[in-house]
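Shown next, in structure tokens, is the structure this report addresses.
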Amino acid sequence: MKTAFVLNGPNLNLLGTREPQVYGTQTLNDVRLLCERACAANGFALEFRQSNHEGELVDWLHEAGALHAKGKLAGVILNAGAYTHTSVALQDAIKGTGITLIELHISNVHAREAFRHHSYISPAAKAVMAGFGVNGYALAIAGLAGMQ
Ligand code: CA2
């Protein structure tokens, strides 16, 4: 069985506690449960993580890359949070691994402030999911299944 990594970046641990008009009312644990269901339905094991630290996200991308090299990775779904708009290090990590990665945003970043319109992740991503709320995570897992 292949593993899907779902990686979440800075401040996503606050999901459901503030800004419900932008990010909804579900918590990160609700998202984890939703991902568990979607992975079970698509025959994937799940590795679900969140970090507020850029380097830790880089380390996890390398870990996913090692699994990819063994043929055991379904792919990575990455909501890099605000690092989406700042992090060359995350782009380099993705490009260095050769993993299949879906960039995900809960909100439609293109309908928000101009600084959210540019992504350092997109050039290294296979696909981009934005604006579907937290249900985007389930849609992205189904998308990964279609790419196997
Ligand atoms: O829409 C998304 O998923 C974002 O990746 C979320 C990031 C934001 O910087 C990106 O531009 C778009 C922010 C995550 C912070 O999430 C919070 C949730 C609830 C309360 C406070 C922050």
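Before moving on, here are some points about what is shown:
- Phi to ³J(HN,Hα) by Karplus 6.51 cos²θ - 1.76 cosθ + 1.60 over segment 127-133, Hz, x for Gly, Pro: 8, 10, 10, 8, x, 8, x
- Exposed loop sites here are trypsin sites (Lys or Arg not before Pro) assigned a DSSP state other than H, G, I, E or B and surrounded by at most 14 other beta carbons within 10 Å; excluding them, the longest clear run of the chain is 19-69.
- In terms of Cα atoms, the Rg and Dmax of the chain work out to 14.0, 42 Å.
- Taking amide hydrogens as placed 1.01 Å from N in the peptide plane, the amide H of Phe48 sits under 5 Å from those of Val6, each at least 5 positions away in sequence or on another chain.
- Relative contact order computed over segment 3-85 (Cα-Cα under 8 Å; 6+ residues apart), in percent: 52 percent
- A Cα-only calculation for segment 17-86 places Rg and Dmax at 13.9, 42 Å.
- Remark: spin-label model distance Arg49-Gln148 equals 2.2 nm, labels positioned 7 Å along the Cα→Cβ axis.
- Protein accessible area in segment 3-147, 1.4 Å probe - carbon and sulfur %: 51 percent
- The relative contact order of the chain, computed from alpha carbon pairs under 8 Å that lie at least 6 residues apart in sequence, is 29 percent.
- Accessible area of His53 (1.4 Å probe, protein heavy atoms only, ligands and nucleic acids ignored): about 120 Å².
The values are calculated or read from the model by the stated rules, or taken from the named source; none is laboratory data. Predicted, not measured: the structure shown is a model, and the values here were computed from it. Here Cβ is always computed from backbone atoms with ideal geometry, including for glycine, and neighbour counts include all displayed protein chains. Remember, those area values only see protein heavy atoms, side chains included, never the ligands or the DNA or RNA. Shrake-Rupley method; radii C 1.70, N 1.55, O 1.52, S 1.80 Å.
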